[in-house]
Structures are given as structure tokens and as C-alpha cells.
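Below is one structure, written out as C-alpha cells, with a few remarks after it.
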Protein chains: 2
Amino acid sequence: MRTSARDVEELWAGGHPVYIGAHVLPMLQRWLEFEAPPTQCFVLGDSNTLRHCLPELLAFVPHLQHAEPIEVPAGESSKSIDVAGAIWGHLSDREAERGALLVNLGGGVVSDLGGFVAGTYKRGIRSVNVPTTLMGMVDAAIGGKTGIDAAGIKNLVGLFRDPKGVYVHVPFLRTLGKRELLNGVAEMIKHGLVRDADHYRAVREAPLHDLAALAPLVHRSAAIKSAVVNEDPLEGGVRRVLNFGHTIGHALEAHSWESQQLGLLHGEAVAIGMICEAWLSWRQGLLSREAYDLVQGHLQSLYKPYSFTADDHHRLIALMRNDKKNADGALRFTLLREIGQAMVDVPVTPAQVGEALDHYRLLARDARRHHP
Amino acid sequence: MRTSARDVEELWAGGHPVYIGAHVLPMLQRWLEFEAPPTQCFVLGDSNTLRHCLPELLAFVPHLQHAEPIEVPAGESSKSIDVAGAIWGHLSDREAERGALLVNLGGGVVSDLGGFVAGTYKRGIRSVNVPTTLMGMVDAAIGGKTGIDAAGIKNLVGLFRDPKGVYVHVPFLRTLGKRELLNGVAEMIKHGLVRDADHYRAVREAPLHDLAALAPLVHRSAAIKSAVVNEDPLEGGVRRVLNFGHTIGHALEAHSWESQQLGLLHGEAVAIGMICEAWLSWRQGLLSREAYDLVQGHLQSLYKPYSFTADDHHRLIALMRNDKKNADGALRFTLLREIGQAMVDVPVTPAQVGEALDHYRLLARDARRHHP
């Protein structure tokens, strides 16, 4: 980790650099001047980011003033084969060549989708991520995982493929509402829980509405994510610590799309997943009851309860079975040993998962009773 | 290149081995026994290869007897996003995990499609190619290029991604008709023209209906393809010699799908592309007239003429513009300096391409007059 005179932190994540701070966009301008013909630059964004972030991007990066914006609808539904197909066709209509560059300006949906499209258009063009959400800045934009959803499974289709660079312009956080901020905070909490007890405490105690207080925590979370990716770029082992909360979280997220409820955001689903998986950690004798109670109370104070019934357990467990993290047909979880330390590949039976879901439903019922 | 006691030749192509001969399938059996759980093996094929080649594969490779066959329609139309989507969904329904293996049993369509699907399912599972066509054995299955067609553009979407191995079981050539054999011969001719004058002569003089005479030429062509891929796996430079005949060939192939005519096979289109591009080589002062006449006469004796009009030139040139081989918006061709030697990235104007197409139309008209 290096900090330059202009207060830009430089990290390395597996196969790509991450620049973070309030002055990273001029660095993107300089890189583009040397690397990319302006007529072959495209900026992928959604209706929010093209309206609220693109003007600021263009002010700092004039090289992109002749780039063509490509807009996709905001939200997870854009991570689809159909939307990917439309972007491939659009690039082809514009005669984009192998030297073309795609700038992904948005949150995790945009960088997952754009990274996949860039990685497969004409067998691969270059891409750069400019995350605009907290989730993007601390997690999704970093580490070269790309993906789209198919057959109702999140990230069923995707690639490990590094962007040329990730430019984290922290002031974009100003454009976010509270729900979007909390969405990213869930991953920051996870980073603390699996790797860094001090970071967990700092995130728990920070005034989250205060961007000045949040900024150094964004740096720290991006650094934790980058460090884990460096140790294991292709998720052969240790990178799976980042899956804490995600096995149950992904299933709940997919379940929320299938059911009548409004869809959960990724971070909201992961927060509930972390409650369940911290409980499993305690039940397996790994985590102390005190630590579990602390984590559960913290997460429940930030995230609204999610409703499902015992009848949904079967479907939720089926969704977990199709999660990429399984091997040999068993359910394998990343669990906590203590706050700040995780253990990967812990086998868990479907019955134990059912107990965790039962436990969460009781908590959620109590929470609704107290805050109807 | 090594030849084992059992007459299997081992090559290396960029990032994967190629085994070729009449005894390669037992090697696949041994590899699978160590590497792949039988319940997570899938065999992708089309209606022809699953009927005519799968029984022979299973006889030599009993490990695959419990593998699940996945059938796609025969022909280029299967290289589509829709078919890829169906296979992703099928693998997901069968709970295929990251340790799963896809065996691509077929020609170029199957290995291009299967390689792409395997490279993207859950961010990548392993694949093995068992080519059943001459085109697959000498070209498509080797070198890690995968792709599907989209927006009417051949291979618009794809990856560079190595299979774990390519097993060229030459006896599968028995299952092919004359048109399928000639389809692959076009690439063998190309290998000779761009790299090896002796090989070109041998292919020109060989009795193509005699599989015993063809077999050593298959070895030689696979070796040329592998050697070029070794020099330049990602097609940054020298690998583009293999594009000879393909800039005009791909455009003709796509044009034949759009028009009322029956679609050209890839090799048929490349054969015509080679006539046009050899003519351009002569016009640019690179190739002698004698060499051009020899090549043109040879190709015209093997492949039927293709009909189009001067009105089609505009569309054909537009299709070439969207070819992956262009840079800076110019049309760049691989041309011949002499038989056995090629030059990449030669700029050619649309007017010159138009002249080449005019020239070919005259040749085709004469050919139809003599053999109506």
C-alpha cells in the first residue's frame, strides 16, 4: 500500500491496481491519454449514474467527453443474458474493435455486467471500473469477479477477469441514499468480521451518515478485500473467507426476487445471511455466544427483518445447493471462529441450516413486534 | 513433438496439450480416472456425433458411461446465445459444480460453443475437446479460441480459454461425408499456404477420399496450427497468419446465412476467401501470378462457386469492417508473399476489396458456365 503526495492510495488486487481517494480521476485521465483512442471509449452506466455521476467524471476526465454512454436499467435485473446481448450488439453496431475500452460507471451490477461483456466481446476488450456505490468501492469493483444471473441463479455465468484499473472516487458517495449506503456497509462489516476486529469495531461505532468519518473506513475495507484477492485470485481457498454471510445471503436474495416481496439488496441479504451464519458458527462451537449476540444485535439494528415461512426452507436450501461454493454435493460454509477470524469449507447439514433459518424467523418476528 | 510407443503424437498449443493418433482415447480414459468424478462429467454433442461417435467414445472411455449427454442441433445455428443459455441452465439443473467437466464431442461448432459455455459457467469449469470432424481436428479444437455468434456476426462473443486437452481420434474421420471432409481440407490448404509449401503440395496431391493417405497430413496440419498458437496464444501478432482467407471468408459465410442461398460451410467460405485474398496478394505485388493461378485453379477444382452480385459488395465490406482483425478502422488482411509464407496486417482499401470480389464473380460465372 502506498500513499502519494496527492492523497491517493494505491493497492494491488490479484491482477489489477486499485486507486482510492479524492483525486483518482485525474489519474484515469492520464492513463486514458496514453492508452485508449477516444472514439473507441464507451461508458456503461445506469439511469442514476449517467445522470448523477457522469458529469463529474467528464469534468475530471475530458478524454471521455467523446465516449459513448451506454445506459442499462438500474437494478439487478440488468445482470441478464438479454442485457449483455444488447450491449454486445451495440458495441458491434458502433464497430468497437479489440482496442476499445469500456468504463464501468456504477455499482456492482454495472461492474459485474460490464466486466463480463468486456471480457467476452470479440474475445475480450479492456475495461476500467469507476465504482459509484459503497458496495462497488469496497467490494464488487475489486478483484476481477464478473457475472450475470441466469436460470434464477445469481452469477451463474461469469468470468474471473481483471479490469485494467479500479478508480475509487470517494466523493461519489455523496450521490447515495441511506439504503444504498447500508447496502455497502454490510460488506464492510463482513470484512471486519472475517479479517480485522479493529475494523469491525470502527465500522460499528462510526456515524455512517458522516462521509468524512466513513472515508477512512472505505480505504480500510478496500485494502482488506484487495489483500484477500492477492492471496488467492481464483478463489481456490482463502478468498472464500469473503463468502461469510453469502451462502444463506445469496439464497435469500434469489428468494426475494421469486416471491411477492420487494427484492432485497445484496447487502441486505448478506446482513441476514451473516446473522444466520454467525449463529451456525456458535452452534458448531466455533464462536462464543457473547460474540454472536453482539453481531446479531448490531446487524438487526441496521437492517430490516425479512419475512419467510418454514415452507420456504426447502426452496432456500435448494438455492444454496446450486451455489458455487459447494464441493462434493455437501453444503460448505465460511464460519467465524471469533470476531476478526474465519474458517472456510465447514460442512453444514441441511438440518442445521434449517435450524438457523428457524432461529432467524423468531428474531425477525420479535423485531417486527417491537417495530411494527 | 513426441511420438510414443503406441503411435500417439503429443503436441503443445499455447496452454494445452494435443494428442493425436489412433490410440488417444485410452489416454483420455486414464486422465479422467484421476481427474474427474464420473457423476459430474457431461458430453456435449450434436445429433450426428452423439449417434455416430459417442458409442465409440464410450467403448474406449468407460469412465464416461455415466456422463450425461447434452445434445444441440447440428450446424452453425447452435453457436447462439440462446443455445448457450440452455446449456448453462441444464448444467445448473443438474447441480454441476466447479469441479465438473465438459467433453466437447463434435466439430468446430461444438468445441467453440462448449468451450465458451465451460469457460463461463460458474466462472469456469474444465473442458476437453474430442474433435470428430476434419475441421475440428486440424483447426477449431486446437488453440483455445471459443465463441458464439451474435448480432449476425460470427464469433462476436467468446473467450481465449484453454481446454484441459485435445484428443484427436483420427478414426472418427470415417464418419464424415465428402462435403465435411472438404470443409476441413480448406484449413489444411491454408496451413500449407501460410507456413509450409511442402505441406501445401502434399495436400494438393493427396487422394482425399483415402483416409490412410489423409492421416499423416492431419498430423502435419495440427502441428502447424499448434506451432503458430505456441508463438502467439492471444493473437497479438503472428497468429494472424491463420486469418488468411478469413476476412473475406467470414463475410461470405455471414452473407450466405442472410441471403436465400443455403449457408456456406466455414471451410467453403474460407476457400473462396483464399481465392480473393490470394488475388489481392498478387495485386499488391506480393505474390507471383503463377502462384496465384496455381492456388486459384486448385481451390476452384474442389469447391463450388458461390453466387452474389455487385449490389452485395457494400454489405460484404460492412461485415468485414466488423471483423475482429481490424485496427484503427482500416481493413487489414493477411496476404501471401509466396506459397508457404504470409504477411499480416496489410492495409487494403474497400475499393481493392471490391475489385477482388468483382474478380471472383467473373471466375464463378465462368465456372458455372462450364459446369452448370
Practice problem: Would you confirm whether any residue within region B:193-208 is under 24 Å from B:LEU105 (Cα atoms) and touching a Leu at 6+ places or on another chain (Cβ under 8 Å)? | Solution: yes
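Considering B:VAL8, B:VAL61, which residue is touching a residue at least 12 places away in the same chain (Cβ under 8 Å) and closer than 18 Å to B:GLY106 by Cα?
Answer to the selection: B:VAL61.
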Quiz item: Looking at region B:47-70, which of its residues are crowded, with 16+ Cβ neighbours inside 10 Å and not in a helix (DSSP H, G or I)?
Solution: B:CYS53, B:VAL61, B:ALA67, B:ILE70
Practice problem: Inspect region A:267-287 for any residue being on the phi > 0 side of the Ramachandran plot and either away from chain B (no Cβ under 14 Å) or of a type in the set (A, V, I, L, M, F, W, C) (or both) and give the result as yes or no. | Solution: yes
Exercise. Working only within region B:344-372, note down all residues that are more than 19 Å from B:ALA310 (Cα to Cα) and touching a strand residue (DSSP E or B) at 6+ places or on another chain (Cβ under 9 Å).
Key: B:VAL344, B:ASP345, B:VAL346, B:PRO347
Self-check item: Cβ pairs under 6 Å, 6+ apart, first in region B:278-307 and over 13 Å from B:ILE189 (Cα atoms) and assigned by TED's automatic domain parsing to the domain that holds B:LEU193, second in a loop (DSSP other than H, G, I, E, B) and among the aliphatic types (A, V, I, L, M)
Solution: B:SER281/B:LEU287; B:ALA291/B:ILE339
Exercise. Specify the residue that is nearest to the other protein chains (Cβ to nearest Cβ); the eligible residues are those in region A:123-165 that are assigned to a loop (DSSP other than H, G, I, E, B) and buried (at least 24 other Cβ atoms within 10 Å of the Cβ).
Key: A:GLY143
Quiz item: All but one of (1) among the β-branched types (Val, Ile, Thr); (2) more than 11 Å from every other protein chain (Cβ to nearest Cβ); (3) under 30 Å from A:LEU32 (Cα atoms) hold for A:ILE189; which doesn't?
Solution: (3)
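Quick grid of which residues meet (1) closer than 30 Å to B:VAL83 by Cβ; (2) modelled with pLDDT under 95; (3) among the basic types (Lys, Arg); (4) not assigned by TED's automatic domain parsing to the domain that holds B:SER226:
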residue: B:ARG6; (1), (2), (3), (4): no, yes, yes, yes
residue: B:GLU10; (1), (2), (3), (4): no, no, no, yes
residue: B:ALA13; (1), (2), (3), (4): yes, no, no, yes
residue: B:TYR19; (1), (2), (3), (4): yes, no, no, yes
residue: B:LEU25; (1), (2), (3), (4): yes, no, no, yes
residue: B:GLN29; (1), (2), (3), (4): yes, no, no, yes
residue: B:GLY45; (1), (2), (3), (4): yes, no, no, yes
Practice problem: Taking the options A:ALA215, A:ALA223, A:ALA271, name whichever one is assigned to a helix (DSSP H, G or I), surrounded by 24 or more Cβ atoms within 10 Å (Cβ to Cβ) and touching a residue at least 12 places away in the same chain (Cβ under 8 Å). | Solution: A:ALA271
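Being assigned to a helix (DSSP H, G or I), within 14 Å of chain A (Cβ to nearest Cβ) and small (Gly, Ala, Ser) narrows it down to one of B:ALA356, B:ALA318, so name that one.
From the options B:ALA356, B:ALA318, the qualifying one is B:ALA318.
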Quiz item: So, of the residues in region A:173-184 that are part of a helix (DSSP H, G or I) and surrounded by fewer than 24 Cβ atoms within 10 Å (Cβ to Cβ), which turns out to be nearest to the other protein chains (Cβ to nearest Cβ)?
Solution: A:GLU180
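Every residue, every condition in (1) over 27 Å from B:GLU95 (Cα atoms); (2) touching a strand residue (DSSP E or B) at 6+ places or on another chain (Cβ under 9 Å), yes or no:
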{"position": "B:VAL128", "(1), (2)": "no, yes"}
{"position": "B:THR133", "(1), (2)": "yes, yes"}
{"position": "B:ALA140", "(1), (2)": "yes, yes"}
{"position": "B:GLY152", "(1), (2)": "yes, no"}
{"position": "B:ASP162", "(1), (2)": "no, yes"}
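Look at B:VAL109 and say whether it is more than 8 Å from chain A (Cβ to nearest Cβ) and outside any strand (DSSP E or B). Steps first, please.
On the way: more than 8 Å from chain A (Cβ to nearest Cβ): yes; outside any strand (DSSP E or B): yes.
Taking the combined requirement at face value, the residue satisfies it.
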Quiz item: Of the numbered conditions (1) touching a Gly at 6+ places or on another chain (Cβ under 7 Å); (2) surrounded by fewer than 20 Cβ atoms within 10 Å (Cβ to Cβ), A:PRO38 satisfies every one except a single condition; which is it?
Solution: (1)
Practice problem: Give the residues of region A:56-106 that are aromatic (Phe, Trp, Tyr) and more than 12 Å from every other protein chain (Cβ to nearest Cβ), sorted by residue number. | Solution: A:PHE60
Exercise. Go over the candidates A:GLU68, A:GLU76 one by one and state the one that is touching a Phe, Trp or Tyr at 6+ places or on another chain (Cβ under 9 Å), closer than 27 Å to B:ASP82 by Cα and among the acidic types (Asp, Glu).
Key: A:GLU76
Quiz item: Across region A:117-155, what is the total count of residues that are closer than 21 Å to A:GLU187 by Cβ and modelled with pLDDT under 95?
Solution: 4
Quiz item: Inside region B:75-99, can you point out the residues that are assigned to a loop (DSSP other than H, G, I, E, B) and at pLDDT 95 or above?
Solution: B:LYS79, B:SER80
Quiz prompt | Residue pairs meeting the criteria (Cβ under 9 Å; at least 6 apart or on separate chains; first free of Cβ contacts under 8 Å to residues at least 24 places away in the same chain, in region B:100-111; second in a loop (DSSP other than H, G, I, E, B) and surrounded by 24 or more Cβ atoms within 10 Å (Cβ to Cβ)) | solution = none
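The values are calculated or read from the model by the stated rules, or taken from the named source; none is laboratory data. Since we're looking at a predicted model, the values are computed, not measured. Cβ atoms come from the backbone with ideal geometry, glycine included; neighbour counts cover every protein chain shown.
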